[in-house]
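Data first, discussion second: the structure below is written as structure tokens.
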Protein chains: 2
Amino acid sequence: VNAAQPRQTSVPIEAPAGGLHALIGRGDLAAAQEWVCGRPPWEVADALDRMEPRAAATAFRLLDTARALDVFEELKPSTQEAVLDIMRGNEFRDFVDALDPDDRARMLGELPAAVAQRVLAGLSPQERAMTAILLGYPDGSAGRRMTPQVVSLDDDMSVAAALRHVRATGNDAETIYTLPVVDGDGHLTGLVNLSELVLAADGVPVTDLVVTAPPCVRATDSAELAARLMADSNVLDLPVVDAADRLLGLITFDDAHEVIEGADSEDAARQGGSNPWAGHYMAVSVLQLARARVVWLVPLLLVSLLTVTVAYGFEEALEQVAALAIFIPLLIGTGGKVGTQASSACVRALAVGEVRPSDAIRVTVRECGAGLLLGTGLGVLAIGAGVLFAALSVAVVVGVSLLLICLLAALIGGLSPLGAKRLGIDPALVSAPVVTTLVDVLGLVIYFLVAKALLGV
Amino acid sequence: VNAAQPRQTSVPIEAPAGGLHALIGRGDLAAAQEWVCGRPPWEVADALDRMEPRAAATAFRLLDTARALDVFEELKPSTQEAVLDIMRGNEFRDFVDALDPDDRARMLGELPAAVAQRVLAGLSPQERAMTAILLGYPDGSAGRRMTPQVVSLDDDMSVAAALRHVRATGNDAETIYTLPVVDGDGHLTGLVNLSELVLAADGVPVTDLVVTAPPCVRATDSAELAARLMADSNVLDLPVVDAADRLLGLITFDDAHEVIEGADSEDAARQGGSNPWAGHYMAVSVLQLARARVVWLVPLLLVSLLTVTVAYGFEEALEQVAALAIFIPLLIGTGGKVGTQASSACVRALAVGEVRPSDAIRVTVRECGAGLLLGTGLGVLAIGAGVLFAALSVAVVVGVSLLLICLLAALIGGLSPLGAKRLGIDPALVSAPVVTTLVDVLGLVIYFLVAKALLGV
């Protein structure tokens, strides 16, 4: 092995892209085949996910059967769909039959119904049964993401017997790193880590190694809850149980990474004020991008019309003191920023479990405090800057308004994610665009009311 | 084991908080001790991270020595500092000596220098040497996060011999799931997964199981790059090598979770327009929260003063056509939203490796397309709404301006994260507040120029 070689696999994250893309583009299939056969599966999958679906399907056909499966399991659902689309007959049947049940279930859950039907019909009875069980759990649930093929231990085994059992039955399992211990009725009573089992002396009873009361989730819990629990509790694989605490399967560490990355990407899209899109940023069409965004822009534009209404209502004041108009962007812009800061902090704290809906009162106190501090500082600054452009009285109106707007914005930003969570809505929907729209409207009302009160216009 | 018990450990993410907090608050140390001794370490650590540092230190002292170490390693650095602060003499020395070298190095990197000195001085020579090696790598690097205690294999071993070697030497290692293979000079030539080793027959040569050219990183690469590579390539532990590809250590899967969670939390804070803060949202003081935010608000406020300057420069136009003023919030608000959508999409795509700086041209084309589509749709809508409040000519000015502003905003939002990355700046600094501030200023200029051109004011 060339000593410089291992290093290469970490390069693509930074390196110029387009190798495979360009080769397929100009139809150089021999060079493309060399490319896809010489790289690790996840890297090939990443390259395919970046391409137009049809080109990706073409490139996929260049893989030999064994590598094809490994690459397929790493693909995003939209690319998987394109790849399946061009397979037919026996080839298709053999292929979907060879997938891991949890990968198959995840894929089926995200494919259009017609394609999913075709996949299910192609399965052998045994694989179809296993897939049907996983598909029985709701989309996004822990049950969908678990592997049902688990090596479990009885707690009356010795270490030597347990190791023999693992070696005899482990080949079918997706993981043997985590070995759940179950009682006669299949209830989860604990788990043994493979490393402990390997390091223990042969004669030691397995009970000496059992982790009792391990973290676990119900199959109906969300996969994100499961993945966050895995990250928090540092477990490698997480047992999934039914309502009676019987063992159903395990969620493996690589799925936890994938679930968290997916959930954080969804949160990032929502926090930016657009719907999450399926698939790779570079592969999604411009139309899909625009659609994911316009569904938020149009309602927010309609709400923003309230700012026109408010400003229209105070047109007389604006005509009397024209200088009031020039501070509008500064005031509502700053308010929007304070609100955005508070909401993004609370959304993230909720996502990673640092804040819970029951913390509403403490969050209110904290955000009120931060809003008052920021509002006072920025208000004084605004008065100082305001006198450069307008009369002192107008500058004072601007400063006082800014203080009130900052306080309100911090409260809206901090509390709306908690409120959303309590209502069962994704807190990430309280995005910068949503907060700024609310603050725009309310901030204008505050500004004109303060102006009315202090200037008598 | 009570069958209902495993389930409990997944509850705290949703359940009401404050149990331990309240017990310490009213000085009920007996009940607090029962609380901290009856829960898994990560859950105790989470509860401590939520508390004021002094109260957390008090609660920490209720743990017995063995559990104290496990809990300590899960704490955030700010809480760790508070805990170390109240230990003295031998107790302190014994405690820091017993920590894992990588956990110690991480902690030392984030502690104030005076505390770090005290910790280093308290270590035994051997532990100090191991810690010094890790501390030799920059903060945030893969070298800082690796464990140097690795069980490596020679490639002339049989499976039986390799297993004997693992069982004999594995107790000191933080992980034995990944077994790097090195040549006589310590160069990494491949790795063996423990599960393959356990499942293989005794007589098989280890070379049959070796994964050649495994993903790996240099010690000086960033820990985030390493963690993202682990998530992408589905490896459990990642080898870390020096510039000559000699094996230095492994990054373990639990550290990868922690690094990614930390990096995503930092990105979320920056995307919301504030500095990331150290520690738990609930434990950080209001003053610290305000400070993390004001450092962005003040410069942005100063830039926003440009909006006042622009509006002031066009005051004559505003006086001639007062109706122009009432559409200002709508126009720049919508532009800010389009920009925020584009920037958050690109920042996330860069973070997870979907987009690379070399994709600038493709991103430009995509965001131009999306901006034009959105701008056209919203512009037509704005003309329709505008005639309800003002003359048709003013409404047309608003619609045309909105089209241009959307196009500009999508471009600024999409390209500035790429530009930042290319300049070596964190793309997440291109936050909603930064984008909206830029769009506010440029949007106003566009609006008034369009008004000048179409209305001749």
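Between rounded, prolate and oblate, where does segment A:252-368 land on the alpha carbon gyration tensor, with a ≥ b ≥ c its root eigenvalues, rounded for a/c under 1.5, else prolate if a/b exceeds b/c? List each step's numbers first, then the result.
Working: a/c = 3.54, a/b = 1.56, b/c = 2.26.
Oblate.
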For B:Leu153, residues with placed amide H under 5 Å, excluding near neighbours
B:Val181, B:Val182
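Tell me the net charge near B:Ala360. Cut-off is 12 Å between Cβ atoms, B:Ala360 excluded, with +1 for each Lys or Arg and -1 for each Asp or Glu. Each step should come with its number before you reach the end.
Numbers: positive: B:Arg356, B:Arg362, B:Arg366, B:Lys421, B:Arg422; negative: B:Asp359, B:Glu367.
The answer is +3.
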Inter-probe distance in nm under a simple model that places probes 7 Å from Cα toward Cβ, at A:Ala160 and A:Ala98
4.0
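Starting from the Cα gyration tensor of segment B:178-281, multiply each eigenvalue by 5, take the square root, and state the resulting semi-axes largest first in whole Å. Mind dumping the intermediate values first?
Numbers: eigenvalues 226, 48, 17 Å².
So the equivalent ellipsoid measures 34, 16, 9 Å along its semi-axes.
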By the Cα gyration tensor axes a ≥ b ≥ c (a/c under 1.5 gives rounded; else a/b larger than b/c gives prolate, otherwise oblate), the shape of segment A:346-397 is prolate
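Would you calculate the convex hull of the Cα atoms in segment B:326-375 and tell me its volume per residue in Å³? Can you show the working numbers first?
Numbers: hull volume 3.3 nm³, N = 50.
Spelled out: Cα convex hull of segment B:326-375, divided by residues, is 66 Å³.
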In chain A, with Lys and Arg counted as +1 and Asp and Glu as -1 at Cβ, which of these residues, A:Ser152, A:Ala317, A:Val430, has the Cα nearest the positive end of the dipole, that is, farthest along it?
A:Ala317
Around A:Leu455: net Lys/Arg minus Asp/Glu count, Cβ-Cβ under 14 Å:
-1
Averaged over B:437-446, number of beta-carbon atoms from partner chains that fall within 10 Å:
2
What are the membrane-span-like helices in chain A by this rule: whole DSSP H runs, Cα extent along the axis at least 18 Å, mean Kyte-Doolittle hydropathy at least 1.6?
A:286-313, A:392-422, A:432-455
Along Cα→Cβ, 7 Å out, is where each label goes; now give me the distance between the ones at A:Glu315 and A:Leu120 in nm to one decimal.
6.0
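Find the accessible area per residue for segment A:108-175; the probe is 1.4 Å, ligands and nucleic acids are left out, and the unit is Å². Present the calculation step by step, with values, prior to reporting the outcome.
On the way: 3210 Å² over 68 residues.
Roughly 47 Å² per residue, with all protein chains present.
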By DSSP, what percent of the beta bridges with both residues in the protein assembly as shown are antiparallel, rounded to the nearest 5?
85
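Please report the relative contact order for chain B, taking Cα pairs under 8 Å with a sequence separation of at least 6, and give it as a percent rounded to a whole number.
On the way: 651 pairs, mean separation 51.6, N = 457.
Once normalised by length, the contact order is 11 percent.
Kindly state, to the nearest 0.05, the FRET efficiency for A:Leu372 paired with B:Cys37, given R0 = 60 Å and r defined as their beta-carbon distance.
Details: r = 41 Å, r/R0 = 0.68.
Result of the calculation: an efficiency of 0.90.
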Taking each residue in A:363-373, count the Cβ atoms of any other chain within 10 Å of its Cβ, then average. What number comes out?
4
For A:Trp35, what accessible surface area do you get with a 1.4 Å probe? Give it in Å², rounded to 10.
50
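Accessible area per residue for segment B:236-300 in Å², computed with a 1.4 Å probe and the full protein assembly in place, what is it?
Values: 2010 Å² over 65 residues.
Per residue, segment B:236-300 has 31 Å² of solvent-accessible surface.
Which value, in debye to the nearest 20, describes the size of the charge dipole of chain A about its Cα centre when Lys and Arg Cβ atoms bear +1, Asp and Glu Cβ atoms bear -1, and nothing else is charged?
Working: 32 positive and 53 negative charges, 348 e Å.
Magnitude of the dipole: close to 1680 debye.
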Rank by packing, highest mean first: peptides A:399-412, B:271-284, with packing defined as the count of other Cβ atoms within 10 Å averaged across residues.
A:399-412, B:271-284
Rounded to the nearest 10 Å², the accessible area of A:Lys76 at probe 1.4 Å:
60
Partner chain Cβ atoms within 10 Å, averaged over the residues of B:270-280 - can you pull that number for me?
4
In debye, nearest 20: dipole of the protein assembly as shown around its Cα centre with unit charges on the Cβ of K, R (+) and D, E (-)?
3320
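Send over a whole-number figure in Å² for the accessible area per residue of segment A:404-457, probe 1.4 Å.
Working: 1940 Å² over 54 residues.
Result: 36 Å² of accessible area for each residue.
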What FRET efficiency do you get for B:Ile425 and B:Val286 if R0 is 30 Å and r is their Cβ-Cβ distance, rounded to the nearest 0.05?
0.55
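Residue separation times 0.36 nm, minus the C-alpha to C-alpha distance between A:Asp70 and A:Ile361: what's the value? Don't skip to the end; give the middle numbers.
Working: separation 291, 0.36 × 291 = 104.76 nm, distance 4.93 nm.
Contour length minus Cα-Cα distance gives 99.8 nm.
Give me the orientation-averaged projected area of the Cα convex hull of the protein assembly as shown, in nm², one decimal. Mind showing how you got there, number by number?
Values: hull surface 157.2 nm².
About 39.3 nm², averaged over all directions.
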Protein-only accessible surface order, largest first, of A:Leu108, A:Leu302 at 1.4 Å:
A:Leu302, A:Leu108
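Counting other C-beta atoms within 10 Å, and keeping those with at most 14, which DSSP coil trypsin sites (Lys or Arg not before Pro) do you find in segment B:83-134? Present the calculation step by step, with values, prior to reporting the outcome.
Values: sites: B:Arg88, B:Arg93, B:Arg104, B:Arg106, B:Arg118, B:Arg128; in loops: B:Arg88.
In loop regions of segment B:83-134 (DSSP not H, G, I, E or B), the sparsely surrounded trypsin sites (Lys or Arg not before Pro) are B:Arg88.
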Counting only protein heavy atoms and a 1.4 Å probe, tell me what percentage of the protein assembly as shown's accessible area is made up of carbon and sulfur.
58
With point charges of +1 on the Cβ of Lys and Arg and -1 on the Cβ of Asp and Glu, referenced to the Cα centre of chain B, which listed residue (B:Thr175, B:Ala66, B:Met230) lies farthest in the positive direction of the dipole?
B:Met230
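Determine, from the Cβ-Cβ distance of B:Val295 and B:Ala132 and an R0 of 30 Å, the FRET efficiency 1/(1 + (r/R0)^6), rounded to the nearest 0.05. Walk me through the intermediate numbers first.
Values: r = 34 Å, r/R0 = 1.12.
Once the sixth-power term is evaluated, E becomes 0.35.
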In Å, descending, principal axis extents of the Cα set of chain A:
87, 60, 48
Per the Cα gyration tensor, segment B:107-250 corresponds to an equivalent ellipsoid with semi-axes, largest first in Å, of 30, 17, 12
So how much accessible surface do A and B hide from each other in total, probe 1.4 Å, in square angstrom to the nearest 100?
12800
Expressed as a rounded percentage, what relative contact order does segment B:360-457 have, with Cα pairs under 8 Å and six or more residues apart?
30
Mean separation of Cα contacts under 8 Å (6+ apart) over length of segment B:70-124, as relative contact order %:
43
From DSSP H assignment alone, runs of 4+ in chain B each adding -39500 (n - 2.57), the sum over residues rounded to the nearest 500 puts [θ] at 222 nm at -20000 deg cm²/dmol
Residue by residue through segment B:170-187, which ³J(HN,Hα) values in whole Hz follow from phi under the Karplus form 6.51 cos²θ - 1.76 cosθ + 1.60 (θ = phi - 60°), with glycine and proline marked x?
x, 5, 7, 7, 6, 9, 10, 5, 10, 10, x, 9, 10, 8, x, 9, x, 6
So what's the convex hull volume per residue for the Cα atoms of segment A:7-145, in Å³?
117
To the nearest 20 debye, what is the magnitude of the charge dipole of segment A:264-352 about its Cα centre, counting +1 on the Cβ of each Lys and Arg and -1 on the Cβ of each Asp and Glu?
340
Could you state the principal axis extents of the C-alpha atoms in segment B:329-457, from the largest down, to the nearest angstrom?
48, 23, 20
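Here is the link list: B:Lys337/B:Lys421; A:Lys337/B:Lys76; A:Lys421/B:Lys337. Which ones come out longer than 25 Å on Cα distance?
Details: B:Lys337/B:Lys421 22 Å; A:Lys337/B:Lys76 28 Å; A:Lys421/B:Lys337 23 Å.
Beyond 25 Å between Cα atoms: A:Lys337/B:Lys76.
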Using Stokes-Einstein with the Kirkwood hydrodynamic radius over Cα pairs, what translational diffusion coefficient do you get for segment A:33-109 at 25 °C and a viscosity of 0.890 mPa s, in µm²/s rounded to a whole number?
199
With 5 Å bins from zero, work out the P(r) of segment A:84-163 over every alpha carbon pair and list the percent per bin.
3, 15, 24, 19, 12, 8, 8, 5, 4, 2, 0
Spherically averaged projected area in nm², based on the convex hull that wraps the Cα atoms of segment B:303-397
7.7
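The values are calculated or read from the model by the stated rules, or taken from the named source; none is laboratory data. Just so you know, these numbers come straight off a predicted model, no measurement behind them. Positions of Cβ are backbone-derived with ideal geometry, glycine not excepted, and every protein chain shown enters the neighbour counts. Keep in mind that these areas ignore ligands, DNA and RNA; they rest on the heavy atoms of the full protein, side chains included. Shrake-Rupley method; radii C 1.70, N 1.55, O 1.52, S 1.80 Å.
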